[in-house]
Amino acid sequence: MYKIFNWFNIGGTVFIFLVIGLLQQVAISLDFLNIFEEVIKSYSVTDLAFSDLREPPEADTTIVIVNIGTLTREGIAEQLAIINRYQPRVVGIDVEFSKPKEERVDSLLEAVFAQTRNLVLWSKVEGGKRQPDGTIVWDTLRKVLPRFARHARTGYTNALTEGDSQFESWRETTALEKIADGTVEYSFATQIAMLYDSVKAQKFINRGNEYEIINYRGNTDKFQTLDVNDVFEENFTPETIRDKIVIMCYMGGEYTSTTWDTDKYYTPLNSKQIGRNPPDMYGGVAHANIVSMILHENYIDEAPSWLAYVLAVVLCWLNVAAFAAINQHAFWGLWYDLVSKIIQLIEVVLLVYILLVVFINYSFKLDFTATIAVVLLSGDIFEIYEALVGNIFAALKGSHK
């Protein structure tokens, strides 16, 4: 039987990882390759589970999303006053009220805020820097005006795609962030969940993960949604709002719009995962999905990063052994290119299948990115390695004659 454990196979495994690492460094240094790298990084196989393969989740009737459209502060105050009459349990407003406006208008808005039970307002963390211990500390916390903040809690509305690739989907969130002055700011969704069900919100915080994968329930089809005129005309039943979570946010002129817009993001729910256009979800709807995930405790856990690299090394080693055996075989060696490509294809299909089955059925994410890259490149790189080793031995043999 062909020996799997030998120095040739070990050398081949090391050589493949060295070449892949070199290719990655070349891609980073060349701007035109960076574009393609960003597109590839923006795609995750698990996105298929959200958009096509899983059973459609039920709608969450505890959350109502209200579109503020292009309303001024005066209009938002009027809209909120109407909502308050129907006694929501929590109200979150994803609007930046950080600069003063006309005194009459700000006084009106402040008066309505003072009458709102369990109010959560906007904040934003800026200037994040990773510390030696691996944590991120933010230089600045921007909040709404103090006159507004004293009537509410604040929570940061940052999307994790901000400042990153324009191709990237919003897949992750955080429960809290540390500020340079020693304070801690909770996310907008965490604060809303805390006011609605503090026990479940604390469980979310206690998970202690640096990042949490957002288990998206859906877009506006999975939440009760009211447009601007629906509120002013009171085109809803009292039960729609009473004792519910209301998230007021910008969703364009009409929340059914499918065009490019501000505060709109790509998510795994996008019907086109590569080359998609336009972004599919407004920020307020994404926050509603995070709140829903917290309150239903339907989290997605992840395998430790070291497991992905161990698997990549093991599978690379086995591939090197298999390719070496095939290439040295009297019959199969003649068909090396075809057989090696078939083996690689089968491996990739199996890896993707396992990843999706585990993700859909157990809400557990396996990271096979490195493993799949190794599988796809191992066959061709192994040929280079074998030719290189053969030439070296030939040169050494010739020098001793």
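The values are calculated or read from the model by the stated rules, or taken from the named source; none is laboratory data. These figures come from a predicted structure and were not determined experimentally. With ideal geometry, Cβ positions are generated from the backbone for all residues, glycine too; neighbour counts draw on all protein chains shown.
Considering (1) farther than 14 Å from Ile245 by Cα; (2) touching a strand residue (DSSP E or B) at 6+ places or on another chain (Cβ under 9 Å); (3) charged (D, E, K, R), say which one Arg117 fails and leave the rest.
Only one criterion in (1) farther than 14 Å from Ile245 by Cα; (2) touching a strand residue (DSSP E or B) at 6+ places or on another chain (Cβ under 9 Å); (3) charged (D, E, K, R) is unmet by Arg117, namely (1).
Taking the conditions exactly as written (under 30 Å from Ser123 (Cβ atoms) and of a type in the set (Val, Ile, Thr)), does Val291 satisfy them or not?
Working: under 30 Å from Ser123 (Cβ atoms): yes; of a type in the set (Val, Ile, Thr): yes.
Judged against the criteria, Val291 is a match.
Inspect all residues belonging to the range 181-195 and state whether any of them is more than 21 Å from Leu295 (Cβ to Cβ) and either touching a Gly at 6+ places or on another chain (Cβ under 8 Å) or charged (D, E, K, R) (or both). Show your work before the answer.
Step one: filter the range 181-195 for residues more than 21 Å from Leu295 (Cβ to Cβ), giving 181-184.
Cutting the leftovers down to either touching a Gly at 6+ places or on another chain (Cβ under 8 Å) or charged (D, E, K, R) (or both) gives us 181.
Yes.
A quick yes/no check of all residues on (1) surrounded by fewer than 21 Cβ atoms within 10 Å (Cβ to Cβ); (2) not small (Gly, Ala, Ser):
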position: Arg171; (1), (2): no, yes
position: Ala175; (1), (2): no, no
position: Phe188; (1), (2): no, yes
position: Met194; (1), (2): no, yes
position: Arg207; (1), (2): yes, yes
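Here are some residues: Asn235, Asn229, Asn209. Which one is outside the structural domain of Tyr362 (by TED's automatic domain parsing), over 26 Å from Ala49 (Cα atoms) and not in a helix (DSSP H, G or I)? Walk me through it before giving the result.
Details: Asn229 fails: not in a helix (DSSP H, G or I); Asn209 fails: over 26 Å from Ala49 (Cα atoms).
So the residue among Asn235, Asn229, Asn209 that is outside the structural domain of Tyr362 (by TED's automatic domain parsing), over 26 Å from Ala49 (Cα atoms) and not in a helix (DSSP H, G or I) is Asn235.
Is it true that some residue in the range 73-81 is outside any helix (DSSP H, G or I) and in the same structural domain as Gln224 (by TED's automatic domain parsing)?
We begin by selecting, within the range 73-81, every residue outside any helix (DSSP H, G or I); these are none.
Checked the range 73-81: no residue is outside any helix (DSSP H, G or I) and in the same structural domain as Gln224 (by TED's automatic domain parsing).
Taking the condition more than 30 Å from Ile245 (Cβ to Cβ), outside the structural domain of Phe223 (by TED's automatic domain parsing) and loosely packed, with under 12 Cβ neighbours inside 10 Å, does Ala321 pass? Give the derivation first.
Details: more than 30 Å from Ile245 (Cβ to Cβ): yes; outside the structural domain of Phe223 (by TED's automatic domain parsing): yes; loosely packed, with under 12 Cβ neighbours inside 10 Å: no.
In short, no.
Mind counting the residues in the range 344-376 that are surrounded by fewer than 18 Cβ atoms within 10 Å (Cβ to Cβ) and more than 30 Å from Glu297 (Cβ to Cβ)?
7
Any chance the range 331-339 includes a residue that's of a type in the set (A, V, I, L, M, F, W, C) and closer than 18 Å to Ile381 by Cβ?
Narrowing the range 331-339 to residues of a type in the set (A, V, I, L, M, F, W, C): 331-332, 334-335, 338-339.
Next, only the ones that are closer than 18 Å to Ile381 by Cβ stay: 338-339.
Looking for residues that are of a type in the set (A, V, I, L, M, F, W, C) and closer than 18 Å to Ile381 by Cβ, one finds at least one in the range 331-339, hence yes.
Testing Pro88 on (1) in contact with an Asp or Glu (Cβ under 8 Å, 6 or more places away or on another chain); (2) modelled with pLDDT under 85, one condition comes back false. Which one is that?
Failing condition for Pro88: (2).
Counting just the residues of the range 78-127 that are over 35 Å from the mean Cα position of the chain (by Cα) and of a type in the set (Lys, Arg), which one comes out nearest to Thr61 (Cα to Cα)?
My answer is Arg85.
Taking the range 298-311, which residues are surrounded by 12 or more Cβ atoms within 10 Å (Cβ to Cβ) and assigned to a loop (DSSP other than H, G, I, E, B)?
Asn298, Tyr299, Ile300, Ala303
Given the residues Val95, Val120, Val91, which is the only one that is within 18 Å of Ile192 (Cβ to Cβ), assigned by TED's automatic domain parsing to the domain that holds Val144, part of a loop (DSSP other than H, G, I, E, B) and not charged (D, E, K, R)?
Working: Val120 fails: part of a loop (DSSP other than H, G, I, E, B); Val91 fails: part of a loop (DSSP other than H, G, I, E, B).
Only one candidate qualifies: Val95.
From Ala193, Ala152, Ala180, grab the single residue that is among the small types (Gly, Ala, Ser) and within 26 Å of Leu269 (Cα to Cα).
On the way: Ala152 fails: within 26 Å of Leu269 (Cα to Cα); Ala180 fails: within 26 Å of Leu269 (Cα to Cα).
Going through Ala193, Ala152, Ala180 in turn, the sole match is Ala193.
Considering only residues that are surrounded by 12 or more Cβ atoms within 10 Å (Cβ to Cβ) and either free of Cβ contacts under 8 Å to residues at least 12 places away in the same chain or touching a Gly at 6+ places or on another chain (Cβ under 9 Å) (or both), which ones fall in the range 131-151?
Within the range 131-151, Ile136, Val137, Trp138, Asp139, Thr140 qualify.
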